[in-house]
Amino acid sequence: MRTALLQSSGRPGSTVENLKVLDEAAGRAAAAGAGLLVAPEMFLTGYAIGDDIARLAEPADGDCADAIAETATRHGLAIAYGYPERAGDAVFNSAQLISADGTRLANYRKTHLFGCFERDHFTPGDRSVVQAELDGLRVGILICYDVEFPENVRAHALAGTDLLIVPTAQMHPFQFVAESMIPVRAFENQMYVAYVNRVGQEGEFEFVGLSTLAGPDGGARARAGRGEELVLADVDPAFLAASREENPYLKDRRPGLYGSLI
């Protein structure tokens, strides 16, 4: 499945403009043969927008989700995007996957909040593994800081995730996560990882780009630079199956030795 990574911060504070950016990117991705477009963390509204997070937050089935479902259907590809999700009085840092026919396949709430900014504006999610079936692949979702906890990614590996999509807002000086950690996560868990970042200055944060699609061999199938960019690469189920046969990390585990980890 050809996968498109939309490296962009969109237009912080404007869901209308961000829906337009997403629609334009979906058109380009579909024209290049992509079956999936992944946008960054909090793409729908912007990340460093303070109290506007709560003001712009919507339910998972809100008006913006309907608009993105229409975009997905019109262009004929699945779309994953980050957004602030309102559920009652709580606001979650969430990511949603919508299929090419407009069906909402999966919604994930970030479980590990980073820093005072996120803890001040969001409630942490309580479900670590969220998956959906897409074009014969089992797709899982984490958000940014979540992927830096090896337990999260290993839980996905044990649950059979083939492609882990990670909308992110990775900031300076932590670019080593994109450059080094993400390929290692893909290799040690024998999966593809699509890590899709914001770019540029936004409030107090400088987002570093470097979005990547890492393969189960630890190699980067695609890597963006530091600016706005749409990059594409293929997720190959046959290569994944062969890699899992050659790298039996999951089969060689000895869980009885790991009790102290919890």
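The values are calculated or read from the model by the stated rules, or taken from the named source; none is laboratory data. Being a predicted model, the structure only gives us computed values, none of them experimental. With ideal geometry, Cβ positions are generated from the backbone for all residues, glycine too; neighbour counts draw on all protein chains shown. Heads up: the accessible areas ignore ligands, DNA and RNA and are worked out on the full protein's heavy atoms, side chains in. Shrake-Rupley method; radii C 1.70, N 1.55, O 1.52, S 1.80 Å.
Could you give the size of the charge dipole of the stretch 133-220 about its Cα centre, using +1 on the Cβ of each K and R and -1 on the Cβ of each D and E, expressed in debye and rounded to the nearest 20?
On the way: 4 positive and 12 negative charges, 22 e Å.
Approximately 100 debye in magnitude.
Any idea of HIS172's accessible area? Nearest 10 Å², probe 1.4 Å.
Its heavy atoms expose roughly 100 Å² to the probe.
Using a simple spin-label model with points 7 Å from Cα along the Cα→Cβ vector, what separation in nm is obtained for PHE239 and ARG254?
Rounded to a tenth, the inter-label distance reads 3.4 nm.
Provide the percentage of antiparallel DSSP beta bridges, counting only those with both residues in the stretch 1-160; round to the nearest 5. Display every interim value, and only then the final one.
On the way: 18 of 25 bridges.
Antiparallel bridges: around 70 percent, rounded to the nearest 5.
Using alpha carbon centroids, what distance separates the stretch 130-155 and the stretch 26-68, in Å?
Using only Cα atoms to place each centre, the spacing works out to 18 Å.
Cβ under 13 Å from SER211's Cβ, SER211 left aside: what net charge do those residues give with Lys, Arg +1 and Asp, Glu -1?
Working: positive: ARG198, ARG221, ARG223, ARG226; negative: GLU41, GLU179, GLU228, GLU229.
The answer is 0.
Give the residue list of trypsin sites (Lys or Arg not before Pro) in the stretch 69-177 that are DSSP loop and have at most 16 other beta-carbon atoms within 10 angstrom.
Working: sites: ARG74, ARG86, ARG104, ARG109, LYS110, ARG119, ARG127, ARG138, ARG154; in loops: LYS110, ARG127.
Answer by residue number: ARG127.
When ligands, DNA and RNA are left out and all protein chains stay put, how many square angstrom of accessible area per residue does the stretch 163-262 have with a 1.4 Å probe? Each step should come with its number before you reach the end.
Working: 4610 Å² over 100 residues.
Value returned for the stretch 163-262: 46 Å² of accessible area per residue.
Can you work out the FRET efficiency for the pair GLN175 and ARG11, with r the C-beta to C-beta distance and R0 = 25 Å, to the nearest 0.05?
Taking R0 as 25 Å, the efficiency between GLN175 and ARG11 is 0.60.
Provide the net charge surrounding ALA242, with neighbours chosen by a C-beta distance below 11 Å and charges set as Lys +1, Arg +1, Asp -1, Glu -1. Provide the component values of the computation, followed by the final result.
Working: positive: ARG244; negative: ASP217, ASP236, GLU245, GLU246.
Summing Lys and Arg as +1 and Asp and Glu as -1 gives -3.
Out of [x] 26.0, 83; [y] 17.1, 52; [z] 19.0, 59, which label holds the value of Rg and Dmax of the Cα atoms in Å that was computed here?
[y]
Report the far tail of the P(r) of the stretch 108-262, meaning the percent of Cα-Cα pairs longer than 19 Å.
Values: 6481 of 11935 pairs.
Counting pairs separated by more than 19 Å, the tail of P(r) holds 54 percent.
If I take R0 = 41 Å and measure r between the Cβ atoms of ALA155 and GLU206 in this structure, what FRET efficiency does the formula 1/(1 + (r/R0)^6) give, to the nearest 0.05? Before the final figure, lay out each step's value.
Details: r = 31 Å, r/R0 = 0.75.
So the FRET efficiency works out to roughly 0.85.
Report the full-extension gain for the segment VAL184 to THR73: residue separation times 0.36 nm, less the Cα-Cα distance, to one decimal in nm. Kindly include the intermediate steps, with their values, before the conclusion.
Working: separation 111, 0.36 × 111 = 39.96 nm, distance 3.44 nm.
Contour length minus the Cα-Cα distance gives 36.5 nm.
Can you give the accessible area of CYS116, probe radius 1.4 Å, in Å² rounded to 10?
Using a 1.4 Å probe on the heavy atoms, I get roughly 90 Å².
State to the nearest 20 debye the size of the charge dipole of the stretch 1-121 about its Cα centre, where the only charges are +1 on K and R beta carbons and -1 on D and E beta carbons.
On the way: 11 positive and 16 negative charges, 82 e Å.
I would put it at about 400 debye.
Quick check on packing: order 13-20, 164-171 by the mean number of other C-beta atoms within 10 Å, highest mean leading. Don't jump to the answer; show the numbers that get you there.
Details: 13-20: 16.8, 164-171: 27.9.
Descending mean neighbour count gives 164-171, 13-20.
Where in the stretch 183-224 are there GluC sites (Glu not before Pro) that are in a DSSP coil and have at most 14 other Cβ atoms within 10 angstrom of their Cβ? Don't jump to the answer; show the numbers that get you there.
Details: sites: GLU188, GLU202, GLU204, GLU206; in loops: GLU204.
Passing sites in the stretch 183-224 are GLU204.
Leaving out ligands, DNA and RNA, and with a 1.4 Å probe, what % of the accessible surface on the stretch 1-88 is carbon or sulfur?
Details: 1440 of 2920 Å².
The nonpolar share, carbon plus sulfur, comes to 49 percent.
Hey, what did the stretch 1-71 get for relative contact order, percent, Cα under 8 Å, at least 6 apart?
Working: 78 pairs, mean separation 29.4, N = 71.
RCO, the stretch 1-71: 41 percent.
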